[in-house]
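**Q** Just passing along the structure, written as structure tokens.
Where a number appears in this text, it was derived from the coordinates with a stated rule and is not lab data. The model shown is predicted, which means the values in this text are computed figures rather than measured ones. Every residue, glycine as well, gets a Cβ built from its backbone with ideal geometry; the counts of neighbours run over all protein chains shown.
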Amino acid sequence: MASRVLAINPWPGLIVAGLVTFFSLGTLAAVALRADAFGALDSFDVAAVRFTVVQAFWSAVLSVALAIPVARALARRSFWGRRALITLLGAPFILPVIVAILGLTAVFGRNGIVAYGLTLAGLEPISIYGFHGVLLAHVFFNLPLATRLLIHGWGSVPAEQFRLAASLDFSWRDVFLHIEWPMLRNLVPGLLVIIFLICTTSFAVALTFGGGPKATTVELAIYQAFKFDFDIGKAALLAGVQFAICGAAALASLWLSVPQAAMGGQDRAVQRFDKGRVMSKIIDSAWITFATLFLAVPLLAIVMQGAPYILSLPTSVWSSALRSLVTALGSAGLTIVFAVSLALVALRWRWLEGLGMLSVAASPLVMGTGLFIMVFPFVDPARIALLITALVNAVMSLPFVLRSIGPAVRACEDRFGPLSDSLGVTGWARVRLVILPRIRAPLGFSAGLAAALSMGDLGVVTLFARPDGATLPLQIYRLMGAYRMEQAMGAALLLLVLSLALFYLFDRGGRGRAKS
Amino acid sequence: MLSLKGVVIEQDGFRLRADVAINSSRRVAVLGPSGAGKSTLLAAIGGYLPITHGDILWHGDSIVKLRPNQRPVSNVFQDNNLFPHMTALQNVGLGINPNLRLSAADEDRVLRALGAVGLSGMEARLPAALSGGQQSRVALARLLVQEKPLVLLDEPFSALGPAMRVEMADLARDVGARIGATVMMVSHDIKDVERFAQDVVWVEDCLCHGPRALDDFLKAPPAGFTTYVGD
């Protein structure tokens, strides 16, 4: 249908494709060009590479290993609050990392609930910093993700298989071997790679819980090389290493079948016939309780410990909150413009949508470093810190957002393309009158996602911001560094509320008045 | 006059040939077994499928290079004829201005068109608040304001019940007469065709035959037609 795809001007999409490629690859090139000498990786850097890979590997393995029994329990039990729990499983995706860090500290830290329990039992409290802490935070974020995808996996098993299993009198071992294992074998490798990838680029976790020769990730090393030593050559070299690690993982994820329904719906409980046994009931309840507590208690800790201080926060916190809000809204707007332009041009050249996914393998720190080098000769980077943050966040949100907007745009064109063509609804009128109204729901969801991700971002802004120009997450990080934990808790609660509210309002706005 | 000269349409290994001339202001039924290529023929005339050989002419001018909306053609498809997020008035109004910026006079024309198809007072409704028959009426009202001289109806009423289909076939005939257009309709129901058509184009075995006058066609139908209708 050659005539159909001409209906919308491809230039905005091509420009965005160029821009996104520039942010993902061009910044890397800029860093490489600016580097005076590459030198070799010293032992500290080698340790960073090893730590990055090792922690990401164990984070992925632990997250998935724990998610399997939790997902199975959730998939086959219906109980009061199941929907709420599954919704809660979606929360960590838009939860600001710094909030989770504070919540985990409150529970597992030196003065936390767990340490208190251990002391009562006469044991030494474990440290939350270093390898343990990084792993803990990564499992906190990725266990829910893995669980949701696996629940979906269980839901995709045809109900007849479980009926057949019941009529053939399968034991739980047979059910696992013949039904569950084939499903898991399909999903788990892709899941491991995705989580591995997420964990190699989670800068904020490494910044707060990591550090020192034993627990520095490559991204943290880039940050230190850049911020403390201003050693661009070292930063460039590390940026290349980081890109290689992410690129390898991203390629692996393309090759493996990666589960798609990341933000899928509220799957109903699978009807099963092997759940009557008392033992399996006890085991399922235990896993559900574990997951609920593991997710909810750190968040509750933030609410309980932050609430008393939220109204008495210093002005600096409020002004940083305002800065974050502006950045988040700007980033959400940019994300939507980018995503819609790319999805439209991808109607014609499908592969262009792949460019939007490039940033999966790119590191925001590398982007930030590259942009810093490029703008430095012309303007003081600190002056445009928020603009750059919004842009980088928008590019980083694109892979997630495109997954929801791309298919929606394609479906709309499949359904209404011929009618629009026949009436001559082309160009901007096509976008305004047909496509945007038809993709309202994914648009609202995407804007909410992008806004929340940007609101909670503690990445590129750490490179640029002046002391008096912090965003809210950065402000919280500084309060933590200054051991003003009460204020940090109060500010974290504020950030939590703002992030969730942004997501909720946009998502609601997309679905609320949607005409069918 | 619409003429298809040595036209060949190829799609996924399927190949349809057509050498057909249709006089202006005629009502033509396009008949043939399922999968024979009836819809393919209409899609090629409408500009949705490229032709690999031959030419399509309207009053002697080739239209194959024109985009769908530039052709002298208006359509009613099998489904998805209305935008679900637009009111009946907006859906018809698109036929006047695809930007949907309508002057008072434009709106007036839309309201008259809606009145002519029996939908007075329903202009503010969304398609979801209209019955299947009423939705078809909106699509027909749009043909009235588009005023294109060639109307292509691709099984437009296949989702409706038998009585409603007959009513719609009558209405389609009236709409065609009002704007003096040539109307081509793909249909599966010989009852609709008997009420509606003057001529028949028969599509079978990758070839378009005709057109022949309806009476003549029914008196001496092609062999495939008897099999198709099953007496």
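**Q** Rounded to the nearest 500 deg cm²/dmol, what is the calculated helix-only ellipticity per residue at 222 nm for the protein assembly as shown, with -39500 (n - 2.57) per DSSP H run of length n ≥ 4?
**A** -19000 deg cm²/dmol
**Q** Through the Karplus equation 6.51 cos²θ - 1.76 cosθ + 1.60, θ set to phi - 60°, convert the phi angles of region A:218-231 into ³J(HN,Hα) values in whole Hz; use x for Gly and Pro.
**A** My calculation for region A:218-231 gives 4, 4, 5, 5, 4, 4, 5, 4, 7, 7, 8, 9, 6, 9 Hz in order.
**Q** In region B:15-55, which residues have a backbone nitrogen under 14 Å from the label point lying 7 Å from B:Leu207's Cα in the Cα-to-Cβ direction?
**A** Correct set: B:16-20.
**Q** Between rounded, prolate and oblate, where does region A:442-504 land on the alpha carbon gyration tensor, with a ≥ b ≥ c its root eigenvalues, rounded for a/c under 1.5, else prolate if a/b exceeds b/c?
**A** Oblate is the answer for region A:442-504, as a/c is 1.5 or above yet b/c matches or exceeds a/b.
**Q** If you rank A:Arg432, B:Arg125 by fewest surrounding Cβ atoms within 10 Å, what's the result?
**A** A:Arg432, B:Arg125
**Q** Follow-up question, since we're still on this one. Over the whole of A:410-423, what's the average partner chain Cβ count within 10 Å per residue? Rounded to a whole number, please.
**A** The mean count of partner-chain Cβ atoms within 10 Å per residue comes to 6.
**Q** Next question, about the same structure. Per-residue HN-Hα couplings for region A:139-146, Karplus 6.51 cos²θ - 1.76 cosθ + 1.60 at θ = phi - 60°, whole Hz, x for Gly and Pro?
**A** Listing the rounded values in order: 5, 4, 7, 9, 4, x, 4, 4 Hz.
**Q** Let me check against my output: what whole-number percent is the relative contact order of chain A, with C-alpha pairs under 8 Å and at least 6 apart?
**A** 26
**Q** For A:Gly211, list long-range residues whose amide hydrogen, built 1.01 Å from N in the peptide plane, is under 5 Å from its own amide hydrogen.
**A** When sequence neighbours closer than 5 places are left aside, the close amide H contacts are A:Thr216, A:Thr217.
**Q** Apply 1/(1 + (r/R0)^6) to the Cβ-Cβ distance of B:Gln78 and A:Ala248, taking R0 = 56 Å, and write down the FRET efficiency to the nearest 0.05.
**A** 0.70
**Q** Here's something else I'd like to know. ³J(HN,Hα) across region A:183-190 via Karplus (A = 6.51, B = -1.76, C = 1.60, θ = phi - 60°), whole Hz, x for Gly/Pro?
**A** So the J values, rounded to whole Hz, are 5, 5, 4, 6, 8, 4, x, x.
**Q** In terms of the Cα gyration tensor, with a ≥ b ≥ c the square roots of its eigenvalues, is region A:4-96 rounded because a/c is under 1.5, prolate because a/b exceeds b/c, or oblate?
**A** It is oblate, given that a/c is not under 1.5 and a/b is not larger than b/c.
**Q** Next up: With r defined as the distance between the Cβ atoms of A:Ser167 and A:Phe79 and R0 fixed at 30 Å, what FRET efficiency is calculated, to the nearest 0.05?
**A** That pair, A:Ser167 with A:Phe79, gives E of 0.70.
**Q** Which FRET efficiency, nearest 0.05, do A:Arg466 and A:His178 yield, Cβ-Cβ r, R0 60 Å?
**A** Efficiency at R0 = 60 Å is approximately 0.45.
**Q** Given labels modelled 7 Å from the Cα in the Cβ direction, how far is it in nm from B:Leu66 to A:Arg432?
**A** The answer from the label model is 2.6 nm.
**Q** Further, regarding this structure: Based on the alpha-carbon set only, what is the convex hull volume of region A:286-402 divided per residue, in Å³?
**A** Normalising the Cα hull of region A:286-402 by residue number yields 166 Å³.
**Q** Give me the Kirkwood hydrodynamic radius of the protein assembly as shown in Å, from all C-alpha pairs, to one decimal place?
**A** Value: 29.8 Å, from the Cα pair sum.
**Q** Hey, another quick one. Starting from the Cα of B:Arg112, step 7 Å toward the Cβ, then list every residue of region B:126-169 with an amide N under 19 Å from that point.
**A** Residues B:138-149 fall inside that zone.
**Q** Let me ask you something else. Could you line up A:Leu62, A:Leu502, A:Leu237 from fewest to most neighbouring Cβ atoms inside 10 Å?
**A** Fewest to most other Cβ atoms nearby, the residues stand as A:Leu62, A:Leu237, A:Leu502.
**Q** In addition: Between A:Arg478 and A:Met304, how many nm apart are label points set 7 Å from Cα along the C-beta direction?
**A** Placing both labels 7 Å along Cα→Cβ, they lie 3.1 nm apart.
**Q** I've got another one for you. What residues of region B:48-70 lie in the reach of a label at B:Ser25, counting those whose backbone N is under 20 Å from a point 7 Å from the Cα along Cα→Cβ?
**A** Once the point is set 7 Å along Cα→Cβ of B:Ser25, B:58-61 turn out to lie under 20 Å by backbone N, inside region B:48-70.
**Q** Chymotrypsin sites (Phe, Trp or Tyr not before Pro) within region A:16-75: which are DSSP loop residues with at most 13 other Cβ atoms inside 10 Å?
**A** Here the chymotrypsin sites (Phe, Trp or Tyr not before Pro) that fit, given the DSSP loop and packing criteria, are A:Phe38.
**Q** Still on this structure: Indicate, rounded to the nearest 5 percent, the antiparallel portion of the DSSP beta bridges found entirely in chain B.
**A** 50
**Q** For chain B, modelled as a Gaussian network with Cα springs under 10 Å, which listed residue fluctuates most, B:Gly121, B:Gly13, B:Gly176?
**A** Among B:Gly121, B:Gly13, B:Gly176, the largest mean-square fluctuation in the Gaussian network model of chain B belongs to B:Gly13.
**Q** Pull out a ≥ b ≥ c, the square roots of the eigenvalues of the alpha-carbon gyration tensor of region B:89-156, then state rounded if a/c is under 1.5, prolate if not and a/b is larger than b/c, and oblate in the remaining case.
**A** In terms of gyration-tensor shape, oblate.
**Q** Which percent, to the nearest 5, of DSSP beta bridges fully inside the protein assembly as shown are antiparallel?
**A** Here the antiparallel bridges make up roughly 50 percent for the protein assembly as shown.
**Q** Taking 7 Å along the Cα-to-C-beta vector as the label spot, tell me the A:Tyr504-A:Trp351 distance in nanometres, rounded to one decimal.
**A** Going from the A:Tyr504 label point to the A:Trp351 one covers 4.5 nm.
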